[in-house]
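The values are calculated or read from the model by the stated rules, or taken from the named source; none is laboratory data. Just so you know, these numbers come straight off a predicted model, no measurement behind them. Please note: Cβ atoms are built from the backbone with ideal geometry, for glycine as well, and neighbour counts cover all protein chains shown.
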Amino acid sequence: MKAGHWTYPLSFYRKLLMLNHLFVTCKKPIVSLINGVAIGGGAALSMRATFRVVTENAKLNSLENALQNITSSNVSTIATLIETFTEKANVKEDSPFKRLETINKCFSKGTVEDIILSLEKELENRKEKWITNTLSSMSLACPLSLKIFLKSIRKGRTQNIEQCFYHDYNIVSHAFRRTVSNDFYEGSRAKMFDKDNKPKWDPSKLELVSEEMVDQCFRKVNDEEWEYLQLPHRSNIIIPKL
């Protein structure tokens, strides 16, 4: 990554997105063999298969197991199934569920700056450790990335899976190419290579990250070496319900 061309890692990421797209939209029969631990991304891919073969060695939680056996791709059917596993939990006092109201209040703000201001106001009223930790994490994070991914999450609420793949691909392309910033490589250097955990972000502050810089990361890359993500159009595109 340090010495190679920026298109090399992008090629891998493009293939990964194409695989995910194939699984979530393909109408042809796909068989997945689930043997052993199947959680997270692996379980998500396997659940999209037409035929799911689950061995006695498979380890899935109850909800994942029920989703494996569902026969309909209808969103309401899946939502109803999930609802059957939903109950008001008797959570501990320090559980994140106790913070949902505050989390929703703070993170519903329109900008990263306003989210931070809202968290700081909450901290003034009640000295809770999770707020301090959240503010600390955000202060150490890449300013450009904070704004990019807030916009990505907001855009994704009204997009189908194909549209999300395209804008994710553009974001990663610009990061690898250093179109707007060298932050991806700087973060990798500080965390994975030199391991000094002291990345020098550029831009270094949220106020230095312009709206144009963020918007640029969602556009197509203006470079002859950039390969456009080509996903075949399929009729069974999923629109996320959040």
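Descriptive notes on the structure:
Residues checked against (1) farther than 18 Å from residue 5 by Cα; (2) at pLDDT 95 or above; (3) in contact with a His (Cβ under 6 Å, 6 or more places away or on another chain):
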| position | (1), (2), (3) |
| --- | --- |
| 159 | yes, no, no |
| 166 | yes, no, no |
| 174 | no, yes, no |
| 188 | no, no, no |
| 219 | yes, yes, no |
| 228 | no, no, no |
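- Pairs linking a residue in segment 189-217 that is more than 16 Å from residue 149 (Cβ to Cβ) to a residue that is hydrophobic (A, V, I, L, M, F, W, C), with Cβ atoms under 6 Å and 6 or more positions apart or on different chains, are 196/190; 197/190; 198/190; 199/190.
- Residue match in segment 1-12 (condition: at pLDDT below 70, surrounded by 10 or more Cβ atoms within 10 Å (Cβ to Cβ) and outside any strand (DSSP E or B)): yes
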